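Colleague: Quick one: the structure is below, and I'll ask about it shortly.
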Amino acid sequence: MGRRGKKRAPVGGTPRADAVRAVQDRYWAREVRSAVLCGVLLFGTLVLLDWGLVRLTVMRAGWWAALAVLLLIILTPPRVSAANGGLDSRGILTYHQVRTDRLVTIRVSEGVTPRLILTDTSGGRLVLDPRVLVANPLLWHQLDQGARRSIEQGILRCGMPALERLGRRIDDEVCRGILRNSSME
């Protein structure tokens with residue numbers, strides 16, 4: 001009977017400074033549920049349509065299931081999380097990570113869906129949808145703090161104006177949300 005499973009509290013009563021709590025995209029689970037629902041609805045619709053036309057076979061049901069799984073893979077967003085100076089994105093088939101305290105470049109790709117492209121000193125590259133940061137201010141805070149450390153170290157060469165624009169956008173969204181929730185809008 002030992003004390004194997006018990007964690008000891010720090011003497012000062014506060015957690016260590018380097019043990020930062022991991023922050024994750026708080027809307028990821030909801031988006032995955034929506035992707036699963038779309039896949040199930042597609043499969044159900046196609047099977048019912050084939051069944052109604054009396055053409056449903058096991059082979060066709062298999063093809064419809066494969067199509068529904070493909071839709072699920074396409075619609076499932078990557079899970080973005082941040083902790084201890086790192087930002088990572090885990091997709092169904094991919095994993096990308098950058099050290100936010102060692103960022104070299106920050107770029108915003110323009111187009112139909114803008115993307116934030118982060119590159120660190122070890123060659124890590126992360127492509128991120130800015131809407132994830134807008135919807136999750138805690139993830140934004142982790143990225144912003146890491147970028148500021150990179151500037152202090154003289155590592156970050158370009159991209160701070162893009163990050164500042166994104167920061168203003170996030171601040172505007174947070175303020176609108178506060179006003180909306182307090183019925184002051």
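The values are calculated or read from the model by the stated rules, or taken from the named source; none is laboratory data. This structure is a prediction, so every number in the text was calculated from the model and none was measured. Every residue, glycine as well, gets a Cβ built from its backbone with ideal geometry; the counts of neighbours run over all protein chains shown. These area figures cover heavy atoms from the full protein model, side chains too; ligands, DNA and RNA do not enter into them. Shrake-Rupley method; radii C 1.70, N 1.55, O 1.52, S 1.80 Å.
Colleague: Restricting to the stretch 95-120, what's the tally of residues that are more than 20 Å from ILE170 (Cα to Cα) and open to solvent by 60 Å² or more (accessible area, probe 1.4 Å)?
Modeller: Of the residues in the stretch 95-120, 5 are more than 20 Å from ILE170 (Cα to Cα) and open to solvent by 60 Å² or more (accessible area, probe 1.4 Å).
Colleague: Please specify each residue of the stretch 121-130 satisfying the condition of being closer than 16 Å to GLY91 by Cβ and either open to solvent by 30 Å² or more (accessible area, probe 1.4 Å) or touching a residue at least 60 places away in the same chain (Cβ under 8 Å) (or both).
Modeller: Within the stretch 121-130, ARG125, VAL127, ASP129 meet the criteria.
Colleague: I'm trying to understand the selection: among the residues of the stretch 19-52, which are open to solvent by less than 100 Å² (accessible area, probe 1.4 Å), in a loop (DSSP other than H, G, I, E, B) and not acidic (Asp, Glu)?
Modeller: Those that are open to solvent by less than 100 Å² (accessible area, probe 1.4 Å), in a loop (DSSP other than H, G, I, E, B) and not acidic (Asp, Glu): ALA19, VAL20, ALA22, TYR27.
Colleague: Mind listing whichever residues of the stretch 132-185 are within 19 Å of ASN84 (Cβ to Cβ), open to solvent by less than 60 Å² (accessible area, probe 1.4 Å) and among the polar types (S, T, N, Q)?
Modeller: Once the filter is applied, which keeps residues that are within 19 Å of ASN84 (Cβ to Cβ), open to solvent by less than 60 Å² (accessible area, probe 1.4 Å) and among the polar types (S, T, N, Q), the stretch 132-185 yields ASN136, GLN142, SER150.
Colleague: So LEU46 passes all but one of these: (1) over 25 Å from LEU118 (Cβ atoms); (2) modelled with pLDDT of 95 or more; (3) under 30 Å from the mean Cα position of the chain (by Cα). Which condition number does it fail?
Modeller: For LEU46, the exception is condition (3).
Colleague: Here is a list: VAL40, VAL69, VAL20. Which entry is aliphatic (A, V, I, L, M) and either modelled with pLDDT under 95 or in contact with a His (Cβ under 7 Å, 6 or more places away or on another chain) (or both)?
Modeller: One residue alone meets the criteria, VAL20.
Colleague: Also, quick follow-up: Taking the stretch 61-87, which residues are open to solvent by 70 Å² or more (accessible area, probe 1.4 Å) and of a type outside the set (A, V, I, L, M, F, W, C)?
Modeller: ARG79, ASN84
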